[in-house]
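These notes concern the structure reproduced below.
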Amino acid sequence: MNSTIEAIGMEIAEGISTTTTESQVAQERQLVYLSDLLTALEDNPNLPMLRSTVAKFSEFLGDTCDKVTIEALETDRIDFRDYLRNRKYSKNSVRSYGNYLNILLARARDLGWRPEKPVIPAEWEPVFELKMHNSMRPLIRFLIKQGLSPSTVEERHLSDWIDKRVHNGGAYSNASAGANSLRKLLVEHNFNSRLSKKRVMKGNYAVPIEEFPAALREEMEDLLRWKLDRFITTRPANAQIRPVTAKKLVHTLCRLYGFAVNIRHVPNVNSLRDLITESIVGKYLEWAFGTRKCKSNGLIGSFGSVYAALAHNPNYADMQLSWLPAVLQTLPEDSEEEALRRKEEKYLPYDKLRSIPEQIRGERAGLFKAGQREIALSLRNELVVEWMITLPWRQRNLRECRIAGDNPNLAKMRVPSLSSITKPDWLADLEKQKPEIEVWQFRFTKDETKTHHDVHCVLPKRLIDLLERYLEYRKYLLSGPDPGTLFLNDKCTAYNQHTFAFLVSTLTLRYGGRRVTPHLFRDIFAYMWLEKMPEDYLTLSKLLWHRNINTTIRIYGRRCNESTALCRMERVLGL
């Protein structure tokens, strides 16, 4: 297929002159449909490729060329390219189809065709008068085609749009950004009362720590050092926190300070004693829970950390803080049924997740002409999902897993002879043949796990071949300094929390039909395990790296209710 770059394709389109035959046809026949255009271009030297492009474009729209208008070439060409990418056409093929689509449009204009001025329904005219990002326009066209007005758009319509874009090869992050922008525009300008106001950003009221008064900033930095340093004589045992926890503590205090000065306009907040008062914290909790619809569990966790940081610090021994846990206890409990309902909306059966790596692997067979980078991306995507359905790690450990440096988390080496590590049967058999054999192992120190576990294990065998193949291609994802993490994002850098969640969301929505978050993988794994091994909470607790088995039972045992017990009773008794 022609691999001419798109810019050249446009030059070709502009440079081909209209033949006499084409002009005559244009005068004799009105150009409306793609079939009309092909008839007018019968003497065009590029006709075979133009016919092929029309056929592929008509296939994309699910109709025949005598029913697809020339107008569609202009309005749906971006979706057409996503459609081709999703079906793993090579970059050159997608580019060539795009070039010939541009040629078709240019020839239609040369023959006298002019796009009709878009008819904007009257109810959408006030929306178009507002300043909007270009990413919203395709979404609005989609909604208009559904016969919707600004006031009748619902969350399910935005979800349908996101699904369509992702299934056609788009990224979840881009599709959701367009939906979020339109939601915000419609809600804030009072066009719509059906969309979720909770999901509309209300402005960032928090104040960065860099903008705190000097005295308060220095006091917070001292408090953070006291919580972060490895050893402090005045700090109780097990009171040290990880950097990620310290970051959450800072965010809580930044929000509280922003609320005090920007929402409540409290003067002279220059110290933690001025900020952590029953009045300010109480009003903030009322506002966060009532107005911003924050969850009780999140607020309790955030301010529980604040209480722990101050109550154990001798510098604040004179502060009376008994009111804080008492206030937190008054927060209404989050609805467990509501939480389960939200999870059910995103839940995919384990077997469905298990099919995703196979789908990605199947599509990779068509990438042999696409280049090394595309193969590397496909291997990365397959390994991410395969890893998450095999090892239910927290996403931070997976996205920050190091394969380089002095202390990598993942490395191929001998198992130390005095190690307490349990060897799988397949490794024990190999060591009988090759005592010096090196195997892939992962290790995280207590400072690198949320529950302060020191984890050291042999990598499951099912991941090894795919891991080694991915590592062969990983170099093709690099375009700058290597961050040393196992997984690299599309920009050749390490993932952060949001970009990793976007990747997992894109893959699960595209191949599983529903968006699943990284943390929900842990839940799905846990429920799968308990279905197969109903009483084995101990093994599950170790797989999830929980410190206490009671945590595992509390979180995942709640699905074992009276009806579950009755079903098991019938199986046991043979009733």
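The values are calculated or read from the model by the stated rules, or taken from the named source; none is laboratory data. Just so we're clear, the structure is a prediction, and the values are computed from it rather than from any experiment. Glycine also receives a Cβ, built like all others from the backbone with ideal geometry; neighbour counts cover every protein chain displayed.
Values computed for the structure shown
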| quantity | calculated |
| --- | --- |
| Close pairs (8 angstrom Cβ cut-off, 6 or more residues apart or separate chains): of a type in the set (Ser, Thr, Tyr) in the stretch 202-223, surrounded by 12 or more Cβ atoms within 10 Å (Cβ to Cβ) anywhere | Tyr205/Arg255; Tyr205/Gly258; Tyr205/Phe259; Tyr205/Asn262; Tyr205/Ile263 |
| Residues of the stretch 41-59 classified as in a helix (DSSP H, G or I), in contact with a helix residue (DSSP H, G or I) (Cβ under 8 Å, 6 or more places away or on another chain) and acidic (Asp, Glu), total | 0 |
| The stretch 51-71 residues that are more than 17 Å from Leu31 (Cα to Cα), paired with ones that are surrounded by 14 or more Cβ atoms within 10 Å (Cβ to Cβ) and not hydrophobic (A, V, I, L, M, F, W, C) (beta carbon under 7 Å, 6 or more apart) | Thr53/Tyr97; Thr53/Tyr100; Lys56/Tyr97; Phe60/Tyr83; Leu61/Asp76 |
| Criterion violated by Thr234 - all others in (1) in contact (Cβ under 8 Å) with a residue 12 or more places away in the chain; (2) under 30 Å from Asn270 (Cβ atoms); (3) assigned to a helix (DSSP H, G or I) satisfied | (3) |
| Some residue of the stretch 514-530 being without any contact (Cβ under 8 Å) to a residue 24 or more places away in the chain, out of contact with any Lys or Arg (no Cβ under 9 Å at 6 or more places or on another chain) and surrounded by 15 or more Cβ atoms within 10 Å (Cβ to Cβ) | yes |
| Residues that are of a type in the set (Lys, Arg) and in contact with a helix residue (DSSP H, G or I) (Cβ under 7 Å, 6 or more places away or on another chain), drawn from the stretch 305-357 | Lys343, Lys346, Lys352, Arg354 |
| Breaking point among (1) closer than 18 Å to Asp465 by Cβ; (2) modelled with pLDDT under 95, for Ala411 | (2) |
| Every residue from the stretch 272-301 that is under 25 Å from Pro243 (Cβ atoms), at pLDDT below 95 and either of a type in the set (Ser, Thr, Tyr) or outside any helix (DSSP H, G or I) (or both) | Cys294, Lys295 |
| Residue match in the stretch 523-536 (condition: touching an Asp or Glu at 6+ places or on another chain (Cβ under 7 Å) and not hydrophobic (A, V, I, L, M, F, W, C)) | no |
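Here is a yes/no grid of residues against (1) in contact with a helix residue (DSSP H, G or I) (Cβ under 6 Å, 6 or more places away or on another chain); (2) under 30 Å from Ala565 (Cα atoms):
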position	(1), (2)
Ile464	no, no
Glu468	no, no
Glu472	no, no
Gly484	no, no
Cys492	yes, no
Thr508	no, no
Tyr511	yes, no
Arg522	no, yes
Ala526	yes, yes
